[in-house]
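Working notes for the structure below.
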2 protein chains.
Amino acid sequence: MIGKSASGQGAKAAPQTRIQRAKREAILEAGLTVFSEAGFRGATLDRIASEAGLSKPNLLYYYPSKEAIYEALLRGLLETWLDPLQAIDPKGEPVEELLGYVRRKLQMSRDFPRQSRLFANEIVQGAPRIIPVLEGELRGMVDRLSTVIEGWIAEGRLAPVDPRHLMFSVWSLTQHYADFDVQVRAVLNNDDPYPGAETHLELLFRRLLTP
Amino acid sequence: MIGKSASGQGAKAAPQTRIQRAKREAILEAGLTVFSEAGFRGATLDRIASEAGLSKPNLLYYYPSKEAIYEALLRGLLETWLDPLQAIDPKGEPVEELLGYVRRKLQMSRDFPRQSRLFANEIVQGAPRIIPVLEGELRGMVDRLSTVIEGWIAEGRLAPVDPRHLMFSVWSLTQHYADFDVQVRAVLNNDDPYPGAETHLELLFRRLLTP
DNA sequence: TTCCGATTTGACCAACCGGTCAAATCAACG
DNA sequence: CGTTGATTTGACCGGTTGGTCAAATCGGAA
């Protein structure tokens with residue numbers, strides 16, 4: 001499971017030399033590639049190890065199990081993922097704040113597609129390891145933001161929309177370009193989707209949200 | 001691979017008794033459940049067999065391999081999937097035609113979530129078995145529809161949108177409710193998402209598409 | 001009942017995979 | 001150097017999994 005724990009190191013406060021950090025980093029990097037391509041079950045330690053330039057036992061010297069690598073990745077991912085949500089300013093201009101959020105999310109799809117796919121893989125297959133986080137932190141943040149949005153609507157500074165379904169729309173529209181990349185590129189004859197996506201989503205959300 | 005072939009039975013014209021058809025159907029049904037939950041690699045023949053009420057060798061008597069079951073599912077899926085697209089009438093009222101498409105797609109997410117997740121699993125992991133179909137049939141259909149939409153826009157009966165990104169929007173927004181069901185329900189405190197989704201998507205696309 | 005092809009199954013196999021272990025190698029410090 | 005702890009590795013293990021096979025069972029036609 002992924003629940004919370006003391007953020008940094010465990011209570012043991014291991015030394016963590018620079019080399020150790022580098023190897024652990026290389027393993028996470030390789031794990032991200034492999035897990036995002038194949039899902040948890042489809043990934044093999046051999047492939048992760050070879051991708052990271054280590055032998056399998058050596059890899060297991062740094063992380064005690066496949067699960068441990070995967071959970072370390074998910075934990076790191078969730079922070080990055082929830083961050084742009086935090087950045088929405090309740091005191092800002094509503095339409096612009098939300099458009100900024102959309103833009104940031106779309107950039108994440110473009111710049112970190114593997115993370116997006118890792119997340120997608122996990123959720124599509126029932127999110128066995130992060131349901132608690134979804135029902136806890138995520139729901140909390142969405143609830144809070146929903147209140148803000150409802151306030152904006154009541155003030156007439158935003159068109160009336162269901163705040164939660166608005167969130168779903170932002171997530172699905174932006175992440176689609178990372179998660180369904182193969183399909184998108186097949187339809188677009190392999191052109192870069194992002195310039196078009198940017199202007200399309202800007203238009204879509206401006207139309208939806210402007211009072 | 002999935003490419004095309006003589007549509008119905010193979011050239012051999014096997015008899016296909018009613019019992020055979022029923023068992024093959026049961027296997028596909030079980031396969032759909034298991035593959036959509038676990039992905040190709042995560043699914044096991046033992047689980048599919050037990051879900052279908054057969055022994056593993058018995059299952060392999062009807063389908064020669066795991067791959068064969070999976071491909072049979074994908075093949076059937078693609079037909080159902082591309083169908084609602086065909087149903088768009090170039091001579092109809094643009095906004096209503098497209099809204100109808102959205103409605104049908106959302107219904108499919110609600111009524112056949114396993115199919116949606118199977119498809120999502122396949123695409124997220126690189127669509128190794130259906131890229132040809134995506135680059136062939138799907139791209140063809142989207143290209144044709146894009147011409148229609150551009151015509152509608154030129155006639156001023158539809159707000160100017162990029163037709164292809166419009167398709168992506170429809171797909172992502174509707175399929176999200178099936179594929180990311182766990183997340184959606186976590187945020188909604190386990191309420192039924194669909195009533196809200198319907199009115200939200202209706203609003204969204206009406207705003208986007210009305211000239 | 002007898003026969004024959006279709007169906008079903010228990011036993012089994014080889015490949016793969018996550019993980020262990022003891023021995024080897026390395027690197028830093030006195 | 002030599003020692004000591006950290007790091008690396010080849011060999012190996014047990015469980016799982018896709019798939020095979022020969023034998024058993026079934027079910028309908030004669």
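The values are calculated or read from the model by the stated rules, or taken from the named source; none is laboratory data. What you see is a predicted model; the values in this text were computed from it and never measured. All Cβ positions, even for glycine, are placed from backbone atoms using ideal geometry, and neighbour counts span all protein chains on display. For accessibility, only protein heavy atoms count, side chains too; no ligands or nucleic acids. Shrake-Rupley method; radii C 1.70, N 1.55, O 1.52, S 1.80 Å.
In region A:29-45, what residues are open to solvent by 40 Å² or more (accessible area, probe 1.4 Å) and either of a type in the set (Ser, Thr, Tyr) or more than 10 Å from DNA strand D (Cβ to nearest atom) (or both)? Across region A:29-45, the qualifying residues are A:Glu29, A:Glu37, A:Phe40, A:Thr44. Could you say which residue among B:Tyr101, B:Tyr70, B:Tyr61 is touching a residue at least 12 places away in the same chain (Cβ under 8 Å), within 16 Å of DNA strand D (Cβ to nearest atom) and out of contact with any strand residue (DSSP E or B) (no Cβ under 8 Å at 6 or more places or on another chain)? Going through B:Tyr101, B:Tyr70, B:Tyr61 in turn, just one is touching a residue at least 12 places away in the same chain (Cβ under 8 Å), within 16 Å of DNA strand D (Cβ to nearest atom) and out of contact with any strand residue (DSSP E or B) (no Cβ under 8 Å at 6 or more places or on another chain): B:Tyr70. Going residue by residue through region A:143-164, is there one that turns out to be touching a Phe, Trp or Tyr at 6+ places or on another chain (Cβ under 7 Å), of a type in the set (Phe, Trp, Tyr) and buried (at least 21 other Cβ atoms within 10 Å of the Cβ)? No: zero hits. Only a single item in (1) touching a residue at least 24 places away in the same chain (Cβ under 8 Å); (2) under 26 Å from A:Glu202 (Cα atoms); (3) surrounded by 14 or more Cβ atoms within 10 Å (Cβ to Cβ) is not met by A:Leu54, and it is number (2).
The residues listed here are B:Gln125, B:Gln86, B:Gln107; of these, the one that is surrounded by fewer than 18 Cβ atoms within 10 Å (Cβ to Cβ) and touching a residue at least 40 places away in the same chain (Cβ under 8 Å) is B:Gln86.
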